[in-house]
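> Below you will find the structure I want to go over with you.
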Amino acid sequence: MDKKKQRSLNKWLKQQSKLAKRWLMIAISLGVLSSVFLIEEREFDNWHAEFGLRYDKQSISTELYNDVDDNALSLSLGATFELSENWTLPVNIASAQRLPTAEELFSNQSGASELIAHLATNTIEVGNPDLDHETANNIDIGIRYRNNGFGFNFSAFQNKINDYIFLQNTGEEFDELPILNYQQQDATFKGFETDISYQHNSENGFIWNYQLFADSTKADLDNGDNVPRIPAKRIGFDIGMLYGNLDEVHEVISSWDKDKIINAYLEAPQKGFNTQLMGKDLLYWAKALLDLSRKGLEKRDVLNKSGKNETLFLNHLQKVIDNKVTNADHMISKFSKNEDLSELYDK
């Protein structure tokens, strides 16, 4: 947000109720976060490797505190080994840093006599301007099995976090709401998750999935206390259902190249239906995928009170394809007054 808009926002906030005024301190925090990242993947004979690198730089300015400038560096390595036709072994190692947010730093730090509640959690959260970035060192290893619709997954992890940021209950209240302070302390997370599943296709086109799952996380602070607000252990069973021509859709898109998809995404705003993807224009792919959608909805045959099925929701898309003009094309044509706008895309 530029400074002119920021001043207008501040002026508006000052004219509002005490509630808005108590948020003023956060509203005038001018934060800039810049990030650069790199992701690489490579396939080998019987294993797949991944590498990730990310750098973040954050600057936050406020009227009440000194500017906050910090940076973070994260690195991850992963590999999936094919032990056999059905068994795979994934291993991941990462060292990741996270920068504190403006809310974690400055919530309820305006010096006002009244505190403002976090309406989603019904708590009073008080920031800590002295927070530093977190550094998490994580390793997880698992085992997976797939065979004729049966699936099994198990993974275990350990995550040691230096300067972990968390909310600590002070035991005090304001307007009958608990007051929580943002604090920092080293912490260790350990746990596992596992599931057993079975998927099958019924004759009427339904895809059923049955899953038994369990997971657990133990999180301890450096002083021996439990990390607050950690979910309890879970064990459960669920049943899921999908319907449609998923196999046919998979056959259409499974051969698409990732780089060509990204290139089409970048060119589509300028070239529209003429954008090329895998040797064909987007108009061709739009017709193919719309036909598959229509086929799936006709097969499902869910009718409204008038006896019409769900394909009526595709009519506006069919109209766009028939006219070969998108809504964006129509709006540009309406307001461009025949001017050449191609240079705007380059910018």
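> Considering only the other residues whose Cβ falls under 14 Å of the Cβ of Ala120, what net charge follows from Lys and Arg at +1 and Asp and Glu at -1? Can you show the working numbers first?
Numbers: positive: Arg229; negative: Glu103, Glu125.
Here the charged neighbours net out to -1.
> For region 29-243, which semi-axes, largest first and in whole Å, follow from the square roots of 5 times the eigenvalues of its Cα gyration tensor?
Numbers: eigenvalues 318, 115, 58 Å².
For region 29-243, the ellipsoid semi-axes come out as 40, 24, 17 Å.
> Determine the sum of side-chain charges near Phe152: Lys and Arg each +1, Asp and Glu each -1, restricted to other residues whose C-beta is under 11 angstrom from that of Phe152.
Working: positive: Arg144, Arg146; negative: Asp195.
Result for the local shell: +1.
> So for region 29-243, averaging the separation of alpha carbon pairs under 8 Å that are six or more residues apart and normalising by length, what relative contact order in percent results?
Numbers: 520 pairs, mean separation 27.2, N = 215.
That works out to 13 percent.
> Mind listing which GluC sites (Glu not before Pro) in region 73-113 are in a DSSP loop and have 10 or fewer other Cβ atoms within 10 Å? Working shown, then result.
Working: sites: Glu82, Glu85, Glu103, Glu104; in loops: Glu85.
Taking region 73-113 and a limit of 10 other Cβ atoms within 10 Å, the loop GluC sites (Glu not before Pro) found are Glu85.
> Give a quick list of trypsin sites (Lys or Arg not before Pro) in region 299-329 that DSSP marks as loop, anything other than H, G, I, E or B, with at most 14 other Cβ atoms within 10 Å. Don't jump to the answer; show the numbers that get you there.
Numbers: sites: Lys299, Arg300, Lys305, Lys308, Lys319, Lys324; in loops: Lys305, Lys308, Lys324.
Answer in residue order: Lys305, Lys308, Lys324.
> Related question: Work out how much length Asn122 to Ile235 would gain on full extension: take 0.36 nm times their residue separation and subtract the Cα-Cα distance, in nm to one decimal. Don't skip to the end; give the middle numbers.
Details: separation 113, 0.36 × 113 = 40.68 nm, distance 2.82 nm.
Taking Asn122 through Ile235 to full extension adds about 37.9 nm, to one decimal.
> Considering only DSSP states other than H, G, I, E and B, which GluC sites (Glu not before Pro) in region 156-259 qualify as loop sites with at most 10 other Cβ atoms within 10 Å? Could the numbers behind the result be given before it?
Numbers: sites: Glu172, Glu173, Glu176, Glu193, Glu203, Glu248, Glu251; in loops: Glu176, Glu203.
Taking region 156-259 and a limit of 10 other Cβ atoms within 10 Å, the loop GluC sites (Glu not before Pro) found are Glu176, Glu203.
> At what distance in angstrom do the alpha carbon centres of region 156-200 and region 274-328 lie from each other?
Taking the Cα centre of each part, region 156-200 and region 274-328 sit 45 Å apart.
> If you stretched the chain out fully between Ile141 and Glu41, how much longer would it get, using 0.36 nm times the residue separation minus the C-alpha to C-alpha distance?
Numbers: separation 100, 0.36 × 100 = 36.00 nm, distance 1.86 nm.
Length gained, Ile141 through Glu41: 34.1 nm.
> What FRET efficiency comes out for Phe150 versus Asn315 if R0 is 30 angstrom and r is the Cβ-Cβ distance? Round to the nearest 0.05. Can you show the working numbers first?
Values: r = 41 Å, r/R0 = 1.37.
Between Phe150 and Asn315 the formula returns 0.15.
> With labels modelled as points extended 7 Å from the Cα through the Cβ direction, what inter-label distance (nm, one decimal) is found for Gln185 paired with Leu77?
3.3
> Pop the C-beta distance of Val302 and Ser59 into the FRET formula with R0 = 45 Å and round what comes out to the nearest 0.05. Numbers along the way, then the final one.
Numbers: r = 53 Å, r/R0 = 1.18.
Rounded to the nearest 0.05, the efficiency is 0.25.
No value in this document is a laboratory result; all are computed from the given coordinates. In this text the structure is predicted, and so the values were computed from the model without any measurement. Glycine gets a Cβ as well: all are built from the backbone with ideal geometry, and neighbour counts include every protein chain shown.
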